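Remarks on the structure that follows.
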Amino acid sequence: MNTGAFTISIDFELYWGVRDTRSLDAYRDHLDGVAQAIPRMLDLFEQHRIHATWATVGFLFCHDRDAALSAAPSARPGYENGALCPYRYLERSADLEERYHFAPRLVELVAATPGQEVASHTFSHYYCREAGQTAATFSADLAAATRIAAAQGLVLRSLVFPRNQWNPDYLAVLAEHGFAAYRGNEHGWLYAATDHGGQNALRRMGRLLDSYVNLSGHHTYTLESCAGSLPLNFPASRFLRPCNPRLTWLEGLRLHRIRRAMRHAARRREVFHLWWHPHNFGVDTDRNMRFLERVIEEFEHLRRVEGMRSLGMAELADALAAE
Amino acid sequence: MNRRIPRIVMLCGDGTSSRFLYNALATEAEILAVVIERKPSPRAMIRHRVRRLGWPTVIGQLAFIVFNRLLARLQRRRFDELILRYGLQATPPPPGITHQVDSVNTAAVRRLLRKLDPDAVVVNGTRILSRAVIDCIQRPFINTHAGITPRYRGVHGGYWALVHDDIENCGVTVHLVDAGVDTGGVLYQQRIRIEDSDGFNTYPLHQLAAGIPLMKQALRDVLDGSLVSHDGVAPSGQWYHPTLGQYLRYRFSRSVK
């Protein structure tokens, strides 16, 4: 590719993403803010012609619990850790609060905004590295995800593995379901894909520190290095960590870390892939949006000066195919 | 009747101004190839400068380069504003016509020029062209120089004109290329107008924006057979990067930013 690329992917999952680790009451504030944060992000993206990939959990396309259960696949993952199973949760929760579990209007809004790619975060926030699930149940999950998107007239071309539990054995399944791209993890021990047990405190501390100080490099890469058989891996470069009220004095460093990596990518004609969750913007939305605006200001500058482009994950795959 | 457009090859440095110039010319010329010269290694650059200028000056220049990173950040808003004002586009040339080389003074570049036989060769931001390259085809090589020549040859001609309170000669030159440093015959010159919000990093944008129409006119002259060069503004002088000490001295004594 003869320009650098700024790629954004957003893991849109609502409560499904944290259900097994946090109570709804403890996380309600974050989820309540999503309905405001997403339209603000979309406005910002439209204003600056930013293309983003929204990896959306299939449940979010549904209006309610009954619709979710009827769209669910018959072959379901048999996680050894029963708490991971979203279907058991769905079946046992007759009075689910819909705004924390379903978001068809927001999905429509994303799809209707220019340059936005609706992609998959699997149907059920599926964990590919947890014991008890199989490639067959993963395939059934993806079939359900593509079906429910197709019902909205959407074709899913990109996927983000929930909890970044990408599994090389499952890539063939992605290809069978027509996915052209997925987001792999940053390189290095800090970011290695593991099951839940593998995410120890040392890794978490390292990642936190790495978002302020350059411990692990910029994680940018040439598009050509992603060439191969489908699906193509466009690894993450950096997680856009939400503003931490206890670390506000370090916000400058965090922004500097991201800007440096963006400049590095722009000047070397490489890809910088930033990702986050909408619920990360659910509290302190104003401050998080200001931070995102500053990141996008940097991109605007690099677009003017270096010709950097904003490309979603499927667009990266198309750009690679065109070479 | 459709007017023929010039067929050109561009020999460029690997910088933003080359992309701005490419996009500006792409609408009015058939660009057959863009040869982009990779930046020389910093070590080679330093060695070359030490030989010419001596260690004390080079250390001062390096200090200014570091300082200018901060300065560029302070002047970035104005920089972006000017890019929008002048409609400059940074989209790189298509890969199909782009050739990355370590030096423009290589046999491969000469072979490419002979093969394409353009009407003219546009030069921007490369090292000094060798006589072998200039003579490999009998076509004009035309350069946009950020300064009025021969009075402000070298680099940062706009800045040095302002330092010398020579506003009349703060401008840009489009000239023929010979084997010297910006010593070729002058085709067109244009004065630029600096505003209070401008600084060291934005003068070159004004110069490039003013130089683009001059380059287009020169290329039209090539087709019309009316390319005529003349002497520029004397006396001749070659200028280099300022040292940090020079910059700070002129910043406070002469208010040149």
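The values are calculated or read from the model by the stated rules, or taken from the named source; none is laboratory data. Here the structure is a predicted model, which means the values were calculated and not measured. Note: ideal-geometry Cβ built from the backbone for every residue, glycine included; neighbour counts use all protein chains shown.
A count restricted to the stretch B:230-249 and to residues that are under 20 Å from residue B:53 (Cα atoms) and not polar (S, T, N, Q) stands at 10.
Note on the stretch A:148-175: residues that are over 23 Å from residue A:8 (Cβ atoms), in contact with a helix residue (DSSP H, G or I) (Cβ under 7 Å, 6 or more places away or on another chain) and not hydrophobic (A, V, I, L, M, F, W, C) total 2. Listed by first and then second residue, the pairs linking a residue in the stretch A:66-84 that is over 19 Å from residue A:139 (Cα atoms) to a residue that is surrounded by 13 or more Cβ atoms within 10 Å (Cβ to Cβ) and not acidic (Asp, Glu), with Cβ atoms under 7 Å apart and 6 or more places separating them unless they lie on different chains, are A:82/A:88. Taking each residue of the stretch B:126-144 that is within 13 Å of residue B:114 (Cα to Cα) and looking for partners that are of a type in the set (Phe, Trp, Tyr) and surrounded by 17 or more Cβ atoms within 10 Å (Cβ to Cβ) with beta-carbon atoms closer than 6 Å, six or more apart or interchain, yields B:134/B:141. Summed over the stretch A:219-253, the residues that are aromatic (Phe, Trp, Tyr), in contact (Cβ under 8 Å) with a residue 40 or more places away in the chain and closer than 21 Å to residue A:277 by Cα give a count of 1. Here residue B:66 does not fit the description of being under 19 Å from residue B:215 (Cα atoms) and of a type outside the set (S, T, N, Q).
The C-beta contact set for the stretch B:85-109 (first residue within 12 Å of chain A (Cβ to nearest Cβ), second residue acidic (Asp, Glu), distance under 7 angstrom, 6+ apart or interchain) comprises B:90/A:306.
What do you reckon, is residue B:148 among the aliphatic types (A, V, I, L, M), under 17 Å from the mean Cα position of the chain (by Cα) and surrounded by 13 or more Cβ atoms within 10 Å (Cβ to Cβ)? Criteria met by residue B:148.
Checking the structure you have, find out if any residue of the stretch B:15-30 is away from chain A (no Cβ under 14 Å), in a helix (DSSP H, G or I) and surrounded by 17 or more Cβ atoms within 10 Å (Cβ to Cβ). Yes: the stretch B:15-30 contains one or more residues that are away from chain A (no Cβ under 14 Å), in a helix (DSSP H, G or I) and surrounded by 17 or more Cβ atoms within 10 Å (Cβ to Cβ). The criterion of at least 1 residues that are among the aromatic types (Phe, Trp, Tyr) and under 24 Å from residue A:304 (Cα atoms) is met by the following helices (runs of 4 or more DSSP H) wholly inside the stretch B:70-188: B:76-86, B:157-163. Residue under question is residue B:34, and the condition is that it be modelled with pLDDT of 95 or more, within 12 Å of chain A (Cβ to nearest Cβ) and not in a helix (DSSP H, G or I); does it hold? In short, yes. Looking at the structure I just gave you, is residue B:126 β-branched (Val, Ile, Thr), under 20 Å from the mean Cα position of the chain (by Cα) and within 14 Å of chain A (Cβ to nearest Cβ)? It is false that residue B:126 is β-branched (Val, Ile, Thr), under 20 Å from the mean Cα position of the chain (by Cα) and within 14 Å of chain A (Cβ to nearest Cβ).
Among all residues of the stretch B:46-62, there is none that is more than 14 Å from chain A (Cβ to nearest Cβ), surrounded by fewer than 17 Cβ atoms within 10 Å (Cβ to Cβ), assigned to a strand (DSSP E or B) and in contact (Cβ under 8 Å) with a residue 12 or more places away in the chain. Candidates in the stretch A:85-107 are the residues that are under 22 Å from the mean Cα position of the chain (by Cα) and among the aliphatic types (A, V, I, L, M); of these, the one that is farthest from residue A:142 (Cα to Cα) is A:106. Scanning the stretch A:28-64 for residues that are of a type in the set (D, E, K, R) and out of contact with any Asp or Glu (no Cβ under 8 Å at 6 or more places or on another chain) gives A:28, A:29, A:32, A:40, A:43, A:46, A:49.
Here's the yes/no breakdown for (1) within 14 Å of chain B (Cβ to nearest Cβ); (2) in contact (Cβ under 8 Å) with a residue 12 or more places away in the chain; (3) in contact with a Phe, Trp or Tyr (Cβ under 9 Å, 6 or more places away or on another chain):
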site: A:1; (1), (2), (3): yes, yes, no
site: A:4; (1), (2), (3): yes, yes, yes
site: A:8; (1), (2), (3): no, yes, yes
site: A:14; (1), (2), (3): no, yes, yes
site: A:22; (1), (2), (3): no, no, yes
site: A:34; (1), (2), (3): no, yes, yes
site: A:43; (1), (2), (3): no, no, no
site: A:50; (1), (2), (3): no, yes, yes
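Evaluation of residue A:58 against the conditions (1) modelled with pLDDT under 95; (2) touching a strand residue (DSSP E or B) at 6+ places or on another chain (Cβ under 8 Å) shows that the sole unmet condition is (1). Does residue B:36 fit the bill of being in contact (Cβ under 8 Å) with a residue 24 or more places away in the chain and among the hydrophobic types (A, V, I, L, M, F, W, C)? It is true that residue B:36 is in contact (Cβ under 8 Å) with a residue 24 or more places away in the chain and among the hydrophobic types (A, V, I, L, M, F, W, C). Would you check if residue A:200 is farther than 16 Å from residue A:11 by Cβ and either within 15 Å of the chain's Cα centre (by Cα) or at pLDDT below 95 (or both)? Criteria met by residue A:200.
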